[in-house]
1. Tell me, Kirkwood radius of the stretch 264-357 from alpha-carbon pair distances, in Å?
2. If the cut-off is a Cα-Cα distance under 26 Å, which lysines reach Lys31, setting aside same-chain residues fewer than 8 apart in sequence?
3. If you roll a 1.4 Å probe over the stretch 305-417 with all protein chains in place, what percent of the accessible area is carbon or sulfur?
4. If you take the Cα Rg of the stretch 352-417 and divide it by 2.2 N^0.38 Å, with N the number of residues, what do you get?
5. Grab every C-alpha pair in the stretch 150-196, bin the distances at 10 angstrom width from 0 up to the longest one, and report whole percents.
6. What is the total of Lys pairs in the stretch 288-417 with C-alpha atoms under 19 Å apart, excluding same-chain pairs fewer than 8 positions apart?
7. What percentages make up the Cα-Cα pair-distance distribution of the stretch 268-417 when the bins are 10 Å wide from 0?
8. Placing unit charges on C-beta atoms (Lys and Arg positive, Asp and Glu negative, everything else neutral), compute the dipole magnitude of the stretch 254-370 about its Cα centre in debye, rounded to 20.
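The values are calculated or read from the model by the stated rules, or taken from the named source; none is laboratory data. Predicted model only: the values in this text are computed from it and were never measured. Cβ: placed from backbone, ideal geometry, glycine included. Neighbour counts: every protein chain shown. Heavy atoms of the whole protein, side chains included, go into the accessibility calculation; ligands, DNA and RNA do not. Shrake-Rupley method; radii C 1.70, N 1.55, O 1.52, S 1.80 Å.
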Amino acid sequence: MADQGGSNHGIARTSRTRTEEQRQKDLERIKDYRALEDEVRHHAAKNDYSPDVFALTSKLLRLNPEYYTVWNVRRRCLISGLLSKLSPGSSPSKALPTSSPTATTTISSADFSSSLSTETPPAPEFQTTGKSGTTAEEEDEEQTRQQDQQNDQQILQKELHFTIPLLLESPKCYWIWSYRLWILKQVIERLPVPVARNIWEEELGLTSKMLLRDQRNFHAWGYRRHVVEQLESPELEGKSLVESEFEFTTKKISQNLSNFSAWHSRSKLIPRLLDERNANDEARKAFFEEELNKIGEAINVGPDDQSLWYYHQFLMLNLVNSVEHPTIAPAFTQEERVTYLRREIESIQELLEDYDDAKLIYEALFDYTLYLCQLQGREPNEQEEKDLKGWLGNLKKLDPMRSGRWADLERDFGLKE
């Protein structure tokens, strides 16, 4: 069985001592678990994906959500009978009349406390009357399609509902997130656009709630990026969410500077953000300086925080690798790039007055000095070579576990004494 005990950021694992009575109870639970596992695998081997097997997967996944094979069995149960059969090339979002999204009952993230209930909300009413001029047979077919949609919507929302308690218990379980994405894909394939879009918007709300529980859950951040991408897609008649997502990263960073995932998402959003703003050279320069000041203030507070240096390096690479990668301010002159780099090196050197044991400061100084030389197309001068040797010497003392790396740098840049 999967280890459900794990540790979140900053929370240490705890051990427990079991009595003999507790040990016996654990053995009984293991026995029951194995019997349930064998039963599910037995049915799957016979290609039996009946509702009874579907119910068995619910029991087993509540015990062990890491069991990816059982998630696959559950998928097969859905497509083998519980969900309607899709005709080739069919697209409910285009072929059928739609309901108002505000009338759709969505349960994926509306309320965490209510999500633990087993009660399933009623599915919204679909239009059942035929269009004027249609035959009775066509009206019957239309009504059947809409009833299939209604049934599919109820099942799919129940599935989203089913996974919420599992996510609360195991928020970093890949297989739960993967299954939710699969269900949401079925939502797009089977339901009208306004209904499907509303469900996906609720999913975006779910990621916000999950990131309130653990702001650095990289599974939730990656999942959120996928949800946003889908909400922006033509399939859901989407439009750009880059401004709201950029603001979301700002909010998360203000709550916790040490949020690598938020800084990472921010770096990915910036090229699009500036393009969609039609930012001119002046606006791009102002934006770059604002971001540089923001991260500089953060580093002054936490010079040992690797996530901050990651984003700072991202900004510095915008100065150095402006040709190979999307850049914030492509119109910067060579002189401006050199000036920014020199200013940052000097600012970081000042940090050593208060933080002379901060390894990441020395790494940044070492890298940025080499960036400066690269930008100017030259070798380090005498003073820079002396500084590089000194910083590397401090890195050896502060991080002896990476002695091999420091030796490689010495050799590669000819810094051996």
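1. 14.0 Å
2. Qualifying lysines at Cα under 26 Å: Lys46, Lys59.
3. Of the solvent-accessible surface of the stretch 305-417, carbon and sulfur hold 47 percent.
4. Ratio of Cα Rg to 2.2 N^0.38 Å: 1.08.
5. Computed distribution, short to long bins: 27, 51, 21, 1.
6. The number of close lysine pairs in the stretch 288-417 is 11.
7. Over the stretch 268-417, the share of Cα pairs per 10 Å bin runs 10, 38, 34, 15, 3, 0 percent.
8. Dipole magnitude for the stretch 254-370 comes out near 560 debye.
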